[in-house]
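Asker: I'd like to ask some things about the structure below.
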Amino acid sequence: MLNGEILDILSASREAGWVVEPEAKKLLALADLPVPKFGWAKKEDEAVRMAREIGYPVVAKVVSPAILHKSEWKGVAVGLDGDQALLGTYERFKRLEGFAGMLVEEMVPGLELIVGAKVDYQFGPVILLGIGGTGVEIYKDSALRMAPLQERDVRSMVRNLKARALLEGYRGAEPVNLADLTRLLLAFSRLMMELEGHVESLDLNPVKCSPEKCVVADARIMLMKSA
């Protein structure tokens with residue numbers, strides 16, 4: 001069942017029509033989905049404090065309800081290795097439309113996957129697993145299943161990826177933590193079943209998967225227009 005904090009996040013995001021990333025990450029954490037250490041800085045000194053607590057190098061992303069695709073606005077900076085680089089990025093982000101602060105986040109290693117869902121008005125939530133990151137539209141390597149997912153569905157989705165060897169260990173590389181990926185997908189499926197009627201789509205891209213764990217590095221939640 002959706003708790004009050006999740007419903008409050010959805011309600012506060014309704015005017016924009018989508019959930020800004022810090023709030024999306026908070027929502028995912030409330031639903032037991034793994035996210036990096038992060039903070040939403042609304043002042044320069046907050047950004048510095050958060051980055052020092054997380055530990056350099058960090059990722060910085062612009063937070064703005066007017067900017068849905070951050071990379072198109074050069075609103076993402078990776079590998080910031082000190083206060084000076086962080087503050088320079090904050091100053092640059094301040095000039096972007098609708099600036100509402102900066103997400104400061106730990107850097108997470110791993111293979112980039114996409115986990116997504118859209119609500120089919122006849123069948124309900126449809127879950128996607130694929131090779132993610134910036135190449136998702138180029139490779140178009142994905143598998144679809146109807147929610148709710150079972151463990152056997154996740155195994156089948158992995159087997160159906162053309163690039164599954166990357167997950168299972170390629171040319172001596174360690175395989176990603178498939179048990180952790182399974183837990184993530186099952187939790188995501190449960191969340192989407194609960195969010196049906198509230199959201200139009202939910203994309204986790206990338207999900208970073210390593211031999212140790214899988215973590216949601218970025219998230220976009222689009223709300224139902226009539227919700």
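Asker: Report the residue count in the stretch 72-115 for those that are among the hydroxyl-bearing types (Ser, Thr, Tyr) and touching a helix residue (DSSP H, G or I) at 6+ places or on another chain (Cβ under 6 Å).
Answerer: The number of residues fulfilling the criteria is 1.
Asker: May I pose another question? Pairs under 6 Å by beta carbon, first residue in contact (Cβ under 8 Å) with a residue 40 or more places away in the chain in the stretch 104-121, partner part of a strand (DSSP E or B) and basic (Lys, Arg), six or more apart or different chains?
Answerer: Val108/Lys208; Gly110/Lys208
Asker: Would it be correct to say that Ala66 is farther than 26 Å from Met192 by Cα, among the small types (Gly, Ala, Ser) and open to solvent by less than 70 Å² (accessible area, probe 1.4 Å)?
Answerer: No; evaluated as a whole, the condition is false for this residue.
Asker: Related question: Of the conditions (1) in contact (Cβ under 8 Å) with a residue 60 or more places away in the chain; (2) farther than 25 Å from Ser201 by Cβ, Gly101 fails just one. Which one is it?
Answerer: The single condition Gly101 does not satisfy is (2).
Asker: Further question on the same structure: How many residues are without any contact (Cβ under 8 Å) to a residue 40 or more places away in the chain and open to solvent by less than 70 Å² (accessible area, probe 1.4 Å) when one looks only at the stretch 71-90?
Answerer: 11
Asker: Something else: With the requirement that a residue be open to solvent by less than 20 Å² (accessible area, probe 1.4 Å), over 15 Å from the mean Cα position of the chain (by Cα) and more than 10 Å from Leu181 (Cα to Cα), what does the stretch 208-223 give you?
Answerer: Leu223
Asker: Oh, and also: Count, please, the residues in the stretch 146-156 that happen to be free of Cβ contacts under 8 Å to residues at least 40 places away in the same chain and open to solvent by 60 Å² or more (accessible area, probe 1.4 Å).
Answerer: Residues that pass the stated criteria total 5.
Asker: Pairs needed: first member in the stretch 171-185, farther than 12 Å from Leu129 by Cβ; second member anywhere, among the small types (Gly, Ala, Ser) and not in a helix (DSSP H, G or I); C-beta distance under 6 Å; at least 6 residues apart or different chains.
Answerer: Pro175/Gly169
Asker: Hey, another quick one. Residue by residue through the stretch 30-41, note down the ones that are among the hydrophobic types (A, V, I, L, M, F, W, C), farther than 20 Å from Val78 by Cβ and open to solvent by 50 Å² or more (accessible area, probe 1.4 Å).
Answerer: Residue satisfying the conditions is Leu30 alone.
Asker: Take the stretch 189-227 and flag every residue that is under 20 Å from Tyr121 (Cβ atoms) and among the hydrophobic types (A, V, I, L, M, F, W, C).
Answerer: Within the stretch 189-227, Leu191, Met192, Met193, Leu195, Val199, Leu202, Ile221, Met222, Leu223, Met224, Ala227 meet the criteria.
Asker: Inspect all residues belonging to the stretch 3-22 and state whether any of them is in contact (Cβ under 8 Å) with a residue 60 or more places away in the chain, among the charged types (D, E, K, R) and either open to solvent by 40 Å² or more (accessible area, probe 1.4 Å) or assigned by TED's automatic domain parsing to the domain that holds Val199 (or both).
Answerer: yes
Asker: Here's another thing I want to ask about it. Looking only at the stretch 157-207, filter to residues that are in contact with a Pro (Cβ under 8 Å, 6 or more places away or on another chain), assigned to a helix (DSSP H, G or I) and over 30 Å from Leu10 (Cα atoms); which one of those is least open to solvent (accessible area, probe 1.4 Å)?
Answerer: In this case the residue turns out to be Leu167.
Asker: From the list Lys61, Lys94, pick out the single residue that is under 20 Å from Ile9 (Cα atoms), not aliphatic (A, V, I, L, M) and not assigned by TED's automatic domain parsing to the domain that holds Lys26.
Answerer: Lys61
The values are calculated or read from the model by the stated rules, or taken from the named source; none is laboratory data. Nothing here was measured: the structure is a model prediction, and the numbers come from that model. Virtual Cβ from ideal backbone geometry, glycine too; neighbours counted across all protein chains shown. We work out accessible area using only protein heavy atoms, side chains counted, and drop any ligands, DNA or RNA first. Shrake-Rupley method; radii C 1.70, N 1.55, O 1.52, S 1.80 Å.
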